Amino acid sequence: AQSVAQPEDQVNVAEGNPLTVKCTYSVSGNPYLFWYVQYPNRGLQFLLKYITGDNLVKGSYGFEAEFNKSQTSFHLKKPSALVSDSALYFCAVRPFNTDKLIFGTGTRLQVFP
Amino acid sequence: GAVVSQHPSWVICKSGTSVKIECRSLDFQATTMFWYRQFPKQSLMLMATSNEGSKATYEQGVEKDKFLINHASLTLSTLTVTSAHPEDSSFYICSATTADLAGYYNEQFFGPGTRLTVL
């Protein structure tokens, strides 16, 4: 079965420190990969995507993600965390030739001042 | 660009009544719209996929007679929760996407969500 795993329910990091939110996937073929952020009682905001090309993808608000095909991972990173980055982050995968997204369970990022 | 709106943002209704939620793509024509349901502290669960002018495709376990989806135009899809009950209380999120000329789908753009509370 196709799936997306976000192994950490919550990630805590101090402001100014680098952050990583992990995501691994199990999908046949070459999928499209996405990261979304959700603030309380809001819909999802698109952060970045990987389709093809450079394994390091840069997105909104200083976030980036690294695609690793051998490890089937797509970890979200930011060099210096802000308190305002505190939110719920979802990794999603879209298998090739389909329009459906498969979401991970989400990781709550808490950035402490 | 690529803004998706939902209306209402929240609704409270009595058990047994029906509730309609609208999803609109404001600045683009959406070939496909999706409806998700999100329980507290959980991920998004895809309920159905909706293409303009055709019947929605429901995911396994989703009652199509309970959750009526209409996609009347390229910018509007509606979800009607019929005979709502307290267990239908949830956060409902829609998204919209387009396909380019080669048939490849772009990323989904999400609405802000609608919180439904059934008393």
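The values are calculated or read from the model by the stated rules, or taken from the named source; none is laboratory data. Fair warning: this is a prediction, and the values are worked out from it, not measured in the lab. All Cβ positions, even for glycine, are placed from backbone atoms using ideal geometry, and neighbour counts span all protein chains on display. Remember, those area values only see protein heavy atoms, side chains included, never the ligands or the DNA or RNA. Shrake-Rupley method; radii C 1.70, N 1.55, O 1.52, S 1.80 Å.
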Practice problem: Identify, from the list B:Tyr36, B:Tyr58, the residue that is under 10 Å from the mean Cα position of the chain (by Cα) and not polar (S, T, N, Q). | Solution: B:Tyr36
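On the given criteria, is B:Ala56 of a type outside the set (D, E, K, R), out of contact with any helix residue (DSSP H, G or I) (no Cβ under 8 Å at 6 or more places or on another chain) and open to solvent by less than 60 Å² (accessible area, probe 1.4 Å)?
Yes; evaluated as a whole, the condition is true for this residue.
With respect to B:Ile69, is the statement that it is surrounded by fewer than 20 Cβ atoms within 10 Å (Cβ to Cβ) and over 25 Å from A:Gly106 (Cα atoms) true?
no
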Exercise. Determine the pairs where a residue that is more than 13 Å from chain A (Cβ to nearest Cβ) and in a loop (DSSP other than H, G, I, E, B), located within the stretch B:107-119, has a partner that is of a type in the set (Ser, Thr, Tyr) and open to solvent by 50 Å² or more (accessible area, probe 1.4 Å) with Cβ atoms under 8 Å apart, the partner being 6 or more residues away or on another chain.
Key: B:Leu119/B:Ser15
Exercise. State whether the residues of the stretch A:85-96 include one that is more than 14 Å from chain B (Cβ to nearest Cβ) and either open to solvent by less than 50 Å² (accessible area, probe 1.4 Å) or not charged (D, E, K, R) (or both).
Key: yes
Exercise. For the stretch A:26-44, indicate whether the set of residues that are farther than 28 Å from B:Trp10 by Cβ, touching a Leu at 6+ places or on another chain (Cβ under 7 Å) and in a strand (DSSP E or B) is non-empty.
Key: no
Practice problem: Could you tell me whether B:Glu52 is over 21 Å from A:Arg42 (Cβ atoms) and modelled with pLDDT of 90 or more? | Solution: no
Exercise. Name, by its number, the condition in (1) within 11 Å of another protein chain (Cβ to nearest Cβ); (2) in a loop (DSSP other than H, G, I, E, B); (3) of a type outside the set (Gly, Ala, Ser) that does not hold for A:Asn17.
Key: (1)
Self-check item: Wholly within the stretch B:1-64, strands (runs of 3 or more DSSP E) carrying at least 1 residues that are aliphatic (A, V, I, L, M) and either more than 12 Å from B:Leu79 (Cβ to Cβ) or more than 13 Å from chain A (Cβ to nearest Cβ) (or both)
Solution: B:4-7, B:10-13, B:19-25, B:44-51
Exercise. Select from the stretch A:89-111 the residues that are touching a residue at least 60 places away in the same chain (Cβ under 8 Å) and among the charged types (D, E, K, R) and write down the one among them that is nearest to A:Tyr39 (Cα to Cα).
Key: A:Arg108
Quiz prompt | Search result, residues across the stretch B:1-31 that are open to solvent by less than 70 Å² (accessible area, probe 1.4 Å), closer than 21 Å to A:Arg42 by Cα and not hydrophobic (A, V, I, L, M, F, W, C) | solution = B:Ser5, B:Gln6, B:Pro8, B:Glu22, B:Ser25
Exercise. Only residues that are charged (D, E, K, R), modelled with pLDDT of 90 or more and under 15 Å from A:Arg108 (Cβ atoms): list them for the stretch A:12-66, please.
Key: A:Lys22
